[in-house]
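A.B. asks: Dumping the structure here so I can ask a few things about it.
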Amino acid sequence: MINERLSSLKAAMAAEGMDAYYLNTSDYHMSEYVPAYFRTIEYFSGFTGSLATLIVCKDETYIFVDGRYHIQADRQCLPNGIRVMKLGNAGVLDPLGFIRQHLKGKTIGLDGKRTSASFGKTLKKEDVHILSKDIYSVLIKDRPPLKKGKIYEISEKYTGLSRRKKMEMIAYCLGDRVHVVNDLPSIAYLFNLRSDDIAHTPVFLSYLVIMDGDYYLFADLERFDSDLLEKLYADGVIIRPYDAYYDFLSSIRDRKILIDENKVNYETYLKIRGRGNTVYRMRSIIEDMKAIKNPVEQENMKLAHIYDGVAVLRFLMWLDQIDKRSISEYDAARKIDACRLEYKAKDLSFASIVAYNANAAQMHYFPEKGASSMLDNKGILLFDTGGQYNEGTTDITRTVALGEVDEEVKKYFTLVMKSMFQLSEVKFLEGTSGSMLDILARKDLWEEGVDYRCGTGHGVGYGLAVHEAPPSIRHNSTTSAGELAEFKAGMICSDEPGVYFEDRFGIRLENMILCVKDEYNEYGQFYRFETLTLVPIDLNLIDLSYLDEKTRDILNRYHERVYQTLLPYLNEEEKAFLRKLTRAI
């Protein structure tokens, strides 16, 4: 089936005079997670991960994936004759390098509405001819429609700032400059609006242009009820049809225009360049504002993590009481989902990752009904899950023993735990970026000659996307350069080191950490992290020979905090179970 689909795409390429076609996993808004309508790489390759690039040439097809998806891409794409380009491995070219080396002088097709302005501009400088045209949509059969549910407002009780206040702050910062925004979480955040266009990320398809103090929101009018429309109009929001966006851009002349080239599509850039406009590249000031949680958001996020801790504890209690041989990874995933949704969560924050033993070596392994592994009363289970609450967004990973485990597993579990705590316990000076902190989480693993092929931490949204820029903790550079952004008080980030051994096992631990101010002295302002996640760490997987006194003390203090904080929310049976899990060692 995949071969037939690729053949039809290659025929369309030939009809347009294209030598290659470039596809990515994004939508018109450069989103990481996208509506089913945009899952075109899955349609033409079989790959179901959230991030990849597909380059279809006349003779061969190549898929480019980072370290999170090396194993998954091998399993899903190699059987379809697609060559897997494992980014991060020695000698492997990234998509731009591949084009530069193998497609010089050729015609490359792409969809400018689904390609970032940054990539499009960079590609334009190469010795290739770009043809921006969607040739794939007409080939896709039974394509899911775009969701167009109601757009609703969230209360200032949860946002901490009114829509009008946010708009005034942004307008003050912009002055006479025009700001064009494609990023859906930024638009939802600014206007305190939500919907369900993307699974587990409560945003709505829209564009935004801020100009001369006016806010032009491009979204379908029928999605707003009359009361909300009146509120938006009263606050100065001008609503235009979603499809009117590109024509509106063509009318802008002689202006200074600010865009984030990684978050704005290439078609947008083509529309605003010229006509006397000067285009400046910078990260959106809305994104920076969104990343620094205000005091109300911070307190709500703490409450969300208490609720999440209770839900995960109930899952652990269920897991402890059953015969593991009776359930699959899929069953376990549905159970932890239910523990959240039956308690306080409105939704999940992403599709739950539940992986047993060797499957956990795939960083983003999702169990499927009828095609997932059965568990056993031995080995380890990794679950990476999260919830969307009125009070915020959570993301937590734990690896737990289901019974007897190998000593090697305990060794690496202990090292991963040490790595997580070494990062979360650091005290650092103002101006420190994630790239400076990353070594703290990798040091002990590097000393063993082991690494993990992904970042250590990502920003987390507030009732929005579970992955949020600019906070980022990683040592290797990316096109977004988020690893260079300095930490500021109010930013929330994940802390998730791990180890992944193909066909053997994978281990990851993940806590959410909030950046807060520490002391100020003659050297400047110091910061530290406050851990938000309140879920026990499995003591059965700790090898005491690898545990130093400092980490032992940190673990015991963390567990006592988990116990004391969750206690008021538990029944007697749950209290006793939590006490056992958080006992001092």
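The values are calculated or read from the model by the stated rules, or taken from the named source; none is laboratory data. This one's a predicted model, so the numbers in the text were calculated from it and none came from an experiment. Here the Cβ positions follow ideal geometry from the backbone for every residue, glycine too, while neighbour counts run over all protein chains shown.
A.B. asks: Do we have any residue at all in the stretch 368-390 that's closer than 24 Å to ILE198 by Cα and modelled with pLDDT under 95? Steps first, please.
C.D. replies: Filtering the stretch 368-390 down to residues closer than 24 Å to ILE198 by Cα leaves 368-369, 383-390.
Checking the rest, the ones that are also modelled with pLDDT under 95 come to 368-369.
Yes.
A.B. asks: A further question on this structure: Among the listed residues ALA171, ALA244, which satisfies the condition of being in a helix (DSSP H, G or I) and at pLDDT below 95?
C.D. replies: Values: ALA244 fails: at pLDDT below 95.
ALA171 is the lone residue from the list that is in a helix (DSSP H, G or I) and at pLDDT below 95.
A.B. asks: Looking for something among the charged types (D, E, K, R) and crowded, with 17+ Cβ neighbours inside 10 Å - is there at least one such residue anywhere in the stretch 379-388? Can you show your working first?
C.D. replies: Taking the stretch 379-388 and keeping what is among the charged types (D, E, K, R), we get 384.
Subset that is crowded, with 17+ Cβ neighbours inside 10 Å: 384.
Yes, the stretch 379-388 contains a residue that is among the charged types (D, E, K, R) and crowded, with 17+ Cβ neighbours inside 10 Å.
A.B. asks: So which residues in the stretch 413-445 are in a helix (DSSP H, G or I) and of a type outside the set (A, V, I, L, M, F, W, C), if there are any at all? Step through it out loud before you land on a result.
C.D. replies: Restricting attention to the stretch 413-445, the residues satisfying the condition of being in a helix (DSSP H, G or I) are 413-424, 434-445.
Result: THR414, LYS418, SER419, GLN422, SER424, GLY434, SER435, ASP438, ARG442, LYS443, ASP444.
Residue-wise test of (1) under 30 Å from LEU96 (Cα atoms); (2) within 25 Å of the chain's Cα centre (by Cα); (3) touching a residue at least 12 places away in the same chain (Cβ under 8 Å); (4) not assigned by TED's automatic domain parsing to the domain that holds SER251.
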| site | (1), (2), (3), (4) |
| --- | --- |
| GLU126 | yes, no, yes, yes |
| LYS166 | no, yes, yes, no |
| LEU174 | no, no, yes, no |
| LEU190 | no, yes, yes, no |
| HIS200 | no, yes, yes, no |
| MET211 | no, no, yes, no |
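A.B. asks: Related question: Against the condition part of a loop (DSSP other than H, G, I, E, B) and over 23 Å from VAL354 (Cβ atoms), how does ARG583 come out, does it pass? Even if it seems obvious, please write down each step before you answer.
C.D. replies: Values: part of a loop (DSSP other than H, G, I, E, B): yes; over 23 Å from VAL354 (Cβ atoms): yes.
So ARG583 passes the test.
A.B. asks: Determine whether the stretch 407-417 contains at least one residue that is under 22 Å from HIS458 (Cα atoms) and in contact with a strand residue (DSSP E or B) (Cβ under 7 Å, 6 or more places away or on another chain). Even if it seems obvious, please write down each step before you answer.
C.D. replies: Of the residues in the stretch 407-417, the ones under 22 Å from HIS458 (Cα atoms) are 413, 415-417.
Applying the additional criterion that residues be in contact with a strand residue (DSSP E or B) (Cβ under 7 Å, 6 or more places away or on another chain) yields 413, 416.
Yes: one or more hits.
A.B. asks: Which is surrounded by fewer than 17 Cβ atoms within 10 Å (Cβ to Cβ) and modelled with pLDDT of 95 or more, of TYR158, TYR136?
C.D. replies: Values: TYR136 fails: surrounded by fewer than 17 Cβ atoms within 10 Å (Cβ to Cβ).
From the options TYR158, TYR136, the qualifying one is TYR158.
A.B. asks: Restricting to the stretch 80-95, and then to whatever is modelled with pLDDT of 95 or more and not in a loop (DSSP other than H, G, I, E, B), can you tell me which residue is surrounded by the fewest Cβ atoms within 10 Å (Cβ to Cβ)?
C.D. replies: Step by step, filter the stretch 80-95, then rank; the result is ARG83.
A.B. asks: Let me ask you something else. Return a yes/no flag: does the stretch 327-346 have any residue that is of a type in the set (Phe, Trp, Tyr), surrounded by fewer than 22 Cβ atoms within 10 Å (Cβ to Cβ), out of contact with any strand residue (DSSP E or B) (no Cβ under 7 Å at 6 or more places or on another chain) and in contact (Cβ under 8 Å) with a residue 12 or more places away in the chain. Don't jump to the end; show me each part of the working.
C.D. replies: Let us first name the residues in the stretch 327-346 that are of a type in the set (Phe, Trp, Tyr), namely 330, 343.
Filter once more, keeping what is surrounded by fewer than 22 Cβ atoms within 10 Å (Cβ to Cβ): 330, 343.
Those still in the list that are out of contact with any strand residue (DSSP E or B) (no Cβ under 7 Å at 6 or more places or on another chain) too: 330, 343.
Retained after the next criterion (residues that are in contact (Cβ under 8 Å) with a residue 12 or more places away in the chain): 330, 343.
Checked against the condition, which is being of a type in the set (Phe, Trp, Tyr), surrounded by fewer than 22 Cβ atoms within 10 Å (Cβ to Cβ), out of contact with any strand residue (DSSP E or B) (no Cβ under 7 Å at 6 or more places or on another chain) and in contact (Cβ under 8 Å) with a residue 12 or more places away in the chain, the stretch 327-346 yields at least one hit.
A.B. asks: If you don't mind, another one. Restricting to the stretch 514-569, name every residue that is touching a strand residue (DSSP E or B) at 6+ places or on another chain (Cβ under 6 Å) and either outside the structural domain of LEU437 (by TED's automatic domain parsing) or within 22 Å of ASP320 (Cβ to Cβ) (or both).
C.D. replies: THR533, VAL535, ASP538, ASN540, LEU541
A.B. asks: Looking at (1) part of a loop (DSSP other than H, G, I, E, B); (2) under 21 Å from the mean Cα position of the chain (by Cα), can you tell me which one GLN388 breaks?
C.D. replies: (1)
A.B. asks: Which residues, taken from the stretch 516-540, are part of a strand (DSSP E or B), out of contact with any Cys (no Cβ under 7 Å at 6 or more places or on another chain) and not hydroxyl-bearing (Ser, Thr, Tyr)?
C.D. replies: From the stretch 516-540, those part of a strand (DSSP E or B) are 516-521, 524-531; that's our starting set.
Next, from what is left, pick out any that are out of contact with any Cys (no Cβ under 7 Å at 6 or more places or on another chain): 516-521, 524-526, 528, 530-531.
Within the stretch 516-540, VAL516, LYS517, ASP518, GLU519, ASN521, GLY524, GLN525, PHE526, ARG528, GLU530 qualify.
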